[in-house]
Amino acid sequence: MKNEVKNEEVKNETGRAEKLNKKETGEKSKKLPFEVDRRSVYKCVQCGTCRSVCPVFDVVGWESANTRGRMLIIKSLIEGRPPSEDVLSSLASCTTCGICAAKCPAGANPPEVVEAARAQLVKCGVTTDAQEKLRSAVATSGNSFGETRSRLHWLSDSERSTLPEKSDYVYFVGCFDSYRYPEFAKKTFEVLQHFGVTLLPDEQCCSSPLLRTGFREDAEKIMEHNLEQIRNVGAHTLITGCAGCYTTLKNNYPEELRVISLPEFLAEHLEELNLKRLDLSVTYHDPCHLGRHNKVYDAPRKVIQAICNLKEMKNIKENSRCCGGGGGVRIGYPDISLELARNRLDDVPEGVDYIVTSCPLCVRNLRDAGGNIEIIDIIELVAMAMQ
């Protein structure tokens, strides 16, 4: 098995990270029914196709850390098995990348089932310290980092005071661009404001981290806050440069909202952007929640090809390998997360100047994994071509 020695180290480290919170989980879990859609669970015919593509299994090598193992565990839970630490370590280590669903011959959607199971574990009081830390940060500060600064700190006072109070279009910035990559936020808004796009005065986390890790009740409160903000602005369209925000706003918020990703918006307005050609070769990494989950493949490539030469990675589009940052795995299992990112960097072709992606979490995780090629967001490439 690949990386056997390292896997044992990761396993030991994971065990330390998986301490259950002291909530009398054993007793509490027995009193609550484990309610996950049985039809979704029983769609899995245990054929093992997913074992060949599950990125976490590729790194860790435990049967419980691949999709088939997780589905068997969930099946046992709905049939009466009480949650335990072993159950938690299996279900909490899924990145929800969706490649198993894309390859499943039976049409099962394991990430959806895993998220539902995580929500049940939360109800049963079974969570990790990492999950609780994330929940607390979002619940108390409105962002996944626990930041107390204004979400619009990257704007000057005069810029904030002149933001349109009403608009059909809102740029939903997200936690990462607000607090870790404010230069992405600023460059994005500089482009979007030419099209009459405004910002929410009190945007909070989209709730993706809460939904992915099972804290649905907490997520609903934050989502309602954002919806009130959107209604006050009068917007019918949200634009976001974060894949996690995109999939959450598009699939978990009310259907009447139109949600488009930044690459889609840029692709629609290429002629108006008046971009110049650059003497560069780049490759593109498909974020899981933009690509596999929502089939946004062509728009970012259209933008890139309008600017420079695109050399594709070894695995692209629906076959793209996960960066390892999603599903709460980055915070809960950093060693596994970085190993997944290093595996993704192995797909980079030779002779490229940059790795371009359209998700700040992918940028962060791929950068942290090392490598000798700079990882940039697609808005940075657009900004180069606009100068």
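A short reminder: the numbers here are calculations on the coordinates, not readings from a lab. These numbers come from a predicted model, not from an experiment. As a convention, Cβ positions derive from the backbone with ideal geometry for all residues, glycine included, and neighbour counts pool all protein chains shown.
For the reader, a short list of remarks on this structure follows.
- Full-stretch length increase - Glu256, Tyr42 - with 0.36 nm per residue and alpha-carbon distance subtracted: 73.8 nm
- For the range 261-387, a simple Cβ point-charge model (Lys and Arg +1, Asp and Glu -1, everything else neutral) yields a dipole of about 240 debye relative to the Cα centre.
- The ranking of Tyr246, Tyr181 by Cβ neighbour count inside 10 Å, starting from the fewest, reads Tyr181, Tyr246.
- Kirkwood Rh and Cα Rg combined as Rg over Rh, evaluated for the range 274-379: 0.96
- ³J(HN,Hα) computed for each position of the range 199-216 - Karplus, 6.51 cos²θ - 1.76 cosθ + 1.60, integer Hz, glycine/proline x: 10, 6, x, 9, 5, 10, 3, 4, 5, 4, x, 6, 5, 5, 9, x, 8, 5
- The antiparallel fraction among DSSP beta bridges confined to the chain stands at about 5%.
- Cα-centred dipole magnitude for the chain, charges only on beta-carbon of K, R (+1) and D, E (-1), debye, nearest 20: 1100 debye
- Most mobile listed residue (Asn343, Asn365, Asn309) in the chain, GNM with C-alpha springs under 10 Å: Asn309
- Per-residue HN-Hα couplings for the range 287-299 [Karplus 6.51, -1.76, 1.60; θ = phi - 60°; Hz; x = Gly/Pro]: x, 4, 7, 9, x, 4, 6, 10, 6, 8, 10, 7, 4
- Counting every other Cβ atom within 10 Å of each residue's Cβ, Phe34, Phe176 order from fewest to most as Phe34, Phe176.
- Simple rule: put +1 on each Lys or Arg Cβ and -1 on each Asp or Glu Cβ in the chain, find the dipole, and look at Leu77, Ala102, Leu257; the Cα lying farthest toward the positive end is Leu77.
- Dipole of the chain, positive direction: furthest Cα of His194, Val45, Gly146, with charges on the beta-carbon: Val45
- 15 Å beta-carbon shell around Asn372, net charge (K/R +1, D/E -1): -3
- Taking one quarter of the surface of the convex hull spanned by the alpha-carbon atoms of the chain gives a direction-averaged projected area of 18.7 nm².
- For the chain, adding -39500 (n - 2.57) for each run of n ≥ 4 DSSP H residues and dividing by the number of residues yields -14000 deg cm²/dmol at 222 nm.
- Based on C-alpha pairs under 8 angstrom that are at least 6 apart in sequence, the chain has a relative contact order of 16 percent.
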